[in-house]
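Asks: Please find one structure pasted underneath; my questions will follow.
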Amino acid sequence: MTAQEFDVRDPAATTPSFDVQQARDMVAWLESHLLDNKTIAERAGGDSAVWHLDETASSQFVNLVRRHPQSSIDHVVTWGTTGAISYPDATHATRHHPRHELAVNDFHRALLALHKLEVTTITRYDDDGGREQVPYVTCSYCDTGNPYEAPHMGYPCPTIRGLVRAHRDLPGFKPEWTET
């Protein structure tokens, strides 16, 4: 007998693990936004440029420039003699320049690949002693198949739940994806 045949988790619990389509929709939503973020970062200079502040305009407004490895400078945002963007906004933008965003995106996509969803079945027992196999979604990394040793069973695991939560401000997010 395999470990899956001994899996007797409670299917009556309200969990996304028993809604295969919801789990797939969540992963598709996250993959789509990660791809969009990667595309945006690549178009904004990709791995070749780091954004800097050009503070010569004024102390309140600055120009945003990107510096390439060859030391050439492109103006990302520039306007007039007083600068184009407020200093706090420009400071935030430089900390999230394209190279940084691509590195974060690569890390998020690697986490999603490592903690990919896996559809399996578990045995559902009813009060009359009957049993049936029901679909169940679990994390291929966290769920070892042994309920006594697995750090987490079901989907999303804490890693994916945190990853989805980090992107919750993007369109299409559903709060039930991050509920326990």
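Asks: Could you run the Karplus curve 6.51 cos²θ - 1.76 cosθ + 1.60 with θ = phi - 60° over the range 113-118 and give me ³J(HN,Hα) per residue in whole Hz, x for Gly and Pro?
Replies: Karplus values, whole Hz, x for Gly and Pro: 5, 5, 9, 5, 6, 10.
Asks: So what are the ³J(HN,Hα) numbers for the range 88-100, from phi and the Karplus equation (6.51, -1.76, 1.60; θ = phi - 60°), rounded to whole Hz, Gly and Pro as x?
Replies: Once θ is set to phi - 60°, the couplings for the range 88-100 become x, 5, 5, 4, 4, 4, 5, 6, 10, 5, x, 5, 5 Hz.
Asks: State, to one decimal in nm, how far the label point of Asp25 lies from the label point of Phe107, with both points 7 Å from Cα in the Cβ direction.
Replies: 3.0 nm
Asks: Suppose R0 equals 41 Å. What FRET efficiency, 1/(1 + (r/R0)^6) with r the Cβ-Cβ distance, do His167 and Thr123 give to the nearest 0.05?
Replies: 0.75
Asks: Given a Förster radius of 30 Å and the C-beta distance between Glu132 and Lys174 as r, what FRET efficiency does 1/(1 + (r/R0)^6) yield to the nearest 0.05?
Replies: Rounded to the nearest 0.05, the efficiency is 0.60.
Asks: 5 Å is the cut-off here: which amide hydrogens, built 1.01 Å from N in the peptide plane, fall below it relative to Tyr136, excluding neighbours closer than 5 in sequence?
Replies: HN-HN under 5 Å from Tyr136: Thr120, Thr121, Ile122.
Asks: Tell me the GluC sites (Glu not before Pro) within the range 93-180 that lie in a loop according to DSSP and have at most 12 other beta-carbon atoms within 10 Å.
Replies: Glu149, Glu179
Asks: OK, next. Would you pull out the residues with amide H under 5 Å of Thr144's amide H, same chain only if 5 or more places away, H placed 1.01 Å from N?
Replies: Distant-sequence amide H within range of Thr144: Ala150, His152.
Asks: If you keep only loop residues by DSSP, which trypsin sites (Lys or Arg not before Pro) in the range 103-169 have at most 14 other Cβ atoms within 10 Å of their Cβ?
Replies: Lys116, Arg168
Values in this text are rule-based calculations from the coordinates and carry no lab data. A quick note: this is a predicted structure, and the numbers were derived from the prediction, not measured. Backbone-built Cβ (ideal geometry, glycine too); neighbour counts: all protein chains shown.
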